[in-house]
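Enquirer: Okay, here's the structure, questions in a sec.
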Amino acid sequence: MDELFALLSAVKDGEVTEADAIKRLSRSPHWVWVAMDPVYKLILAVDVGDRTLAMAQHLVHQVTQVLAPDCAPLFLTDGFREYLTALVGHYGQWIQPERRQAKGPKPKPRWMPLPGLLYAQVVKLYRRRRIAGVKHRVIFGARETIESILAKRGWKINTAFIERLNLDFRQHVAAIGRRVNTLCKHEAGLRQQLALFHTYHNFVLPHASLRLPLSETTSTRRWQARTPAMAAGLTDHIWSLREVLRFRVPPWPRPHVE
């Protein structure tokens, strides 16, 4: 999980004077929150908001909604401290502490992280606005356990996967590109662009690391291209953008109210 910085412009042509426009054209900062599965390169959740605990909790909640029940994967994030609270809030349980004294009131239950929760942070150290070093901090779980899980795929503790995904966001979503004149005027427009890229990335855009060798090379093709959604078993083919835009989402079942 990670966040990337975005800028929005809230000034429309002709609505204010030139002096007022210059004064109001201080672009409002927003953060794009992203969670992805590095195995299948699948984007799990995308959101827009301030860099706060509430947004961290909302992102983690979205991730838990798309995972299987009782699934607690290995989480890797940057050094933003609110992730810790958000993860413990969703992957925790009440524990009754043991009595330390024979007399006195019974200890109150404490909310503690699940024993199987694995979480590590990649903390970047800055000096004069430049990265001076990187520190790996294991928050929950044993370092040996986390490193052994990552070593099976030849990985180490890092956030390089999602940082590469952040670059894809900036290259495909015009509103958050660097040094562009295509900024959104409102948060709603940014959300719409992100929602489209979310689906485009998962269902339309093949990923080179997900391709499979063809068993029978009857043609010049040697590889089967796959999208993150195909690798995760969500679909059996590469979607076209036309297919995405014409897809009719089934109506959401309304909760029964007695």
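The values are calculated or read from the model by the stated rules, or taken from the named source; none is laboratory data. From a predicted model like this one, the values you see are computed outputs, not experimental measurements. Heads up, the Cβs are rebuilt from the backbone with ideal geometry, glycines too, and the neighbour counts pull from every protein chain shown.
Enquirer: Among the residues that make up segment 45-53, is at least one of them farther than 30 Å from Phe203 by Cβ and either within 17 Å of the chain's Cα centre (by Cα) or not β-branched (Val, Ile, Thr) (or both)?
Expert: Yes: one or more hits.
Enquirer: Going by what's in this entry, would Leu150 be described as within 21 Å of Lys41 (Cα to Cα), at pLDDT below 95 and surrounded by 16 or more Cβ atoms within 10 Å (Cβ to Cβ)? Spell out how you get there, then give the answer.
Expert: Working: within 21 Å of Lys41 (Cα to Cα): yes; at pLDDT below 95: yes; surrounded by 16 or more Cβ atoms within 10 Å (Cβ to Cβ): yes.
Spelling it out, Leu150 is indeed within 21 Å of Lys41 (Cα to Cα), at pLDDT below 95 and surrounded by 16 or more Cβ atoms within 10 Å (Cβ to Cβ).
Enquirer: While we're on this one: Taking Val39 and the conditions (1) exposed (fewer than 14 other Cβ atoms within 10 Å of the Cβ); (2) on the phi < 0 side of the Ramachandran plot; (3) at pLDDT 80 or above; (4) in a loop (DSSP other than H, G, I, E, B), which numbered condition does it fall short on, given that it satisfies the others?
Expert: It is condition (1) that Val39 fails.
Enquirer: Among the residues that make up segment 12-21, is at least one of them assigned to a loop (DSSP other than H, G, I, E, B), surrounded by 14 or more Cβ atoms within 10 Å (Cβ to Cβ), at pLDDT 55 or above and not acidic (Asp, Glu)?
Expert: No, because not a single residue in segment 12-21 is assigned to a loop (DSSP other than H, G, I, E, B), surrounded by 14 or more Cβ atoms within 10 Å (Cβ to Cβ), at pLDDT 55 or above and not acidic (Asp, Glu).
Enquirer: Which ones in segment 47-72 are of a type in the set (Gly, Ala, Ser), part of a helix (DSSP H, G or I) and surrounded by 18 or more Cβ atoms within 10 Å (Cβ to Cβ)?
Expert: Ala56
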